[in-house]
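Read the structure below first, then the notes.
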Amino acid sequence: MVPKEWNVHFKLHASQNTVVEVMLKNGKVDIIEVVPEERRKDIQNLLLFTLDEKINLN
């Protein structure tokens, strides 16, 4: 779990030439931009998942 007082803005460079720009503010995640846009469907926010849920995703 991320502390609510953490406020960050970042770009994540992922596989398949994908870049995800994200804002985390007051505990809320806002996906600002995904390039290429067709990869947006592949994005998963795992912040609220338990460790067991993350392990069992696949």
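For the stretch 1-43, how many residues meet the condition of being open to solvent by less than 90 Å² (accessible area, probe 1.4 Å), at pLDDT below 90 and not hydrophobic (A, V, I, L, M, F, W, C)?
2
Among (1) free of Cβ contacts under 8 Å to residues at least 12 places away in the same chain; (2) open to solvent by 70 Å² or more (accessible area, probe 1.4 Å); (3) not aromatic (Phe, Trp, Tyr), where does LEU46 come up short?
(2)
Considering each residue of the stretch 14-41, count those that are free of Cβ contacts under 8 Å to residues at least 12 places away in the same chain, of a type outside the set (Gly, Ala, Ser) and not in a strand (DSSP E or B), and give that number.
Qualifying residue count, the stretch 14-41: 4.
The values are calculated or read from the model by the stated rules, or taken from the named source; none is laboratory data. Predicted model only: the values in this text are computed from it and were never measured. Because the Cβ atoms are built from the backbone with ideal geometry, glycine has one as well, and the counts that use them run over all protein chains shown. Remember, those area values only see protein heavy atoms, side chains included, never the ligands or the DNA or RNA. Shrake-Rupley method; radii C 1.70, N 1.55, O 1.52, S 1.80 Å.
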